[in-house]
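K.L.:
My questions all concern the structure below.
The values are calculated or read from the model by the stated rules, or taken from the named source; none is laboratory data. Owing to the predicted nature of the structure, the values given are computational and were not obtained by experimental measurement. FYI the Cβ positions are ideal-geometry reconstructions off the backbone, even for glycines, and counts take in every protein chain you see.
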Amino acid sequence: MCSNFEGKINTLNDDGTEWLPKAFQQAQVHMKLLLSLGPSKIKFSPLDEKIYESFRNAFPDFDDKWINWMDQFKNDIKAFDSKSLLRKNPEGDYSSQNTTFCLRAQFLAIEIARNKEGLNQKIADAYKRATSGRSGGCCSRC
């Protein structure tokens, strides 16, 4: 997961973008949680419900009101406007073709919505099928 970005992180970070390693780390943690827990069990923050309800009320079709919408969380979400990596297609892993940059509040809103609406379930199920029987124990049946 995310391994094809590791070599690019150091070269991209040379221009003073200190946020990039943190965004990459967040992307790795996100995929690990998504694939191990499943989307319905991920809880990003105590504000998940509030963020989701507000996001869906303001953006039933992902319109362009992001900045005004995000401002309501500037005092509640730590580093709400820091940069994050976001998968373009929830059915795919983080890769150079399937990743874009966004702000942290956008990442939370989109990923919370994907989890609640079942859009992350397909990648979580595919990961479980691909890794079933490989528990790292004494045999593949542990």
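K.L.:
Among the residues of the stretch 1-29, which ones are exposed (fewer than 13 other Cβ atoms within 10 Å of the Cβ) and at pLDDT 90 or above?
P.N.:
Val29 - this is the single residue of the stretch 1-29 that is exposed (fewer than 13 other Cβ atoms within 10 Å of the Cβ) and at pLDDT 90 or above.
K.L.:
Next question. For the stretch 49-83, what are the residues that are assigned to a helix (DSSP H, G or I) and either surrounded by fewer than 17 Cβ atoms within 10 Å (Cβ to Cβ) or touching a strand residue (DSSP E or B) at 6+ places or on another chain (Cβ under 9 Å) (or both)?
P.N.:
Taking the stretch 49-83 and keeping what is assigned to a helix (DSSP H, G or I), we get 49-58, 66-71.
Glu49, Lys50, Glu53, Ser54, Arg56, Asn57, Ala58, Trp66, Ile67, Asn68, Met70, Asp71, listed by residue number.
K.L.:
Moving on. Conditions: (1) outside any strand (DSSP E or B); (2) in contact with a Phe, Trp or Tyr (Cβ under 6 Å, 6 or more places away or on another chain). Asn115 meets all but one. Number of the miss?
P.N.:
(2)
K.L.:
Checking Gln97 against (1) touching a residue at least 24 places away in the same chain (Cβ under 8 Å); (2) surrounded by fewer than 19 Cβ atoms within 10 Å (Cβ to Cβ); (3) outside any helix (DSSP H, G or I), which single condition isn't satisfied?
P.N.:
(1)
K.L.:
Which residues, counting only those in the stretch 48-88, are under 15 Å from Lys116 (Cα atoms), touching a residue at least 60 places away in the same chain (Cβ under 8 Å) and among the hydrophobic types (A, V, I, L, M, F, W, C)?
P.N.:
If the condition is that a residue be under 15 Å from Lys116 (Cα atoms), touching a residue at least 60 places away in the same chain (Cβ under 8 Å) and among the hydrophobic types (A, V, I, L, M, F, W, C), then Ile51 is the only one that fits.
K.L.:
Also: From the set of residues in the stretch 30-48 that are within 14 Å of Arg104 (Cα to Cα) and part of a helix (DSSP H, G or I), which is modelled with the highest pLDDT? Break it down into steps so the answer makes sense when it comes.
P.N.:
The initial filter retains those residues of the stretch 30-48 that are within 14 Å of Arg104 (Cα to Cα), namely 30, 44-45, 47-48.
When the remaining residues are screened for being part of a helix (DSSP H, G or I), the result is 30, 48.
Numbers: His30: 92, Asp48: 95.
The qualifying residue modelled with the highest pLDDT is Asp48.
K.L.:
Still on this structure, I have one more. Checking the structure you have, find out if any residue of the stretch 118-132 is part of a loop (DSSP other than H, G, I, E, B) and either of a type outside the set (Gly, Ala, Ser) or closer than 30 Å to Glu18 by Cα (or both). Full working, then the answer.
P.N.:
Quick first cut of the stretch 118-132, residues part of a loop (DSSP other than H, G, I, E, B) only: 118-120, 132.
Of the ones still in play, those that are also either of a type outside the set (Gly, Ala, Ser) or closer than 30 Å to Glu18 by Cα (or both) are 119-120.
Yes, some residue in the stretch 118-132 is part of a loop (DSSP other than H, G, I, E, B) and either of a type outside the set (Gly, Ala, Ser) or closer than 30 Å to Glu18 by Cα (or both).
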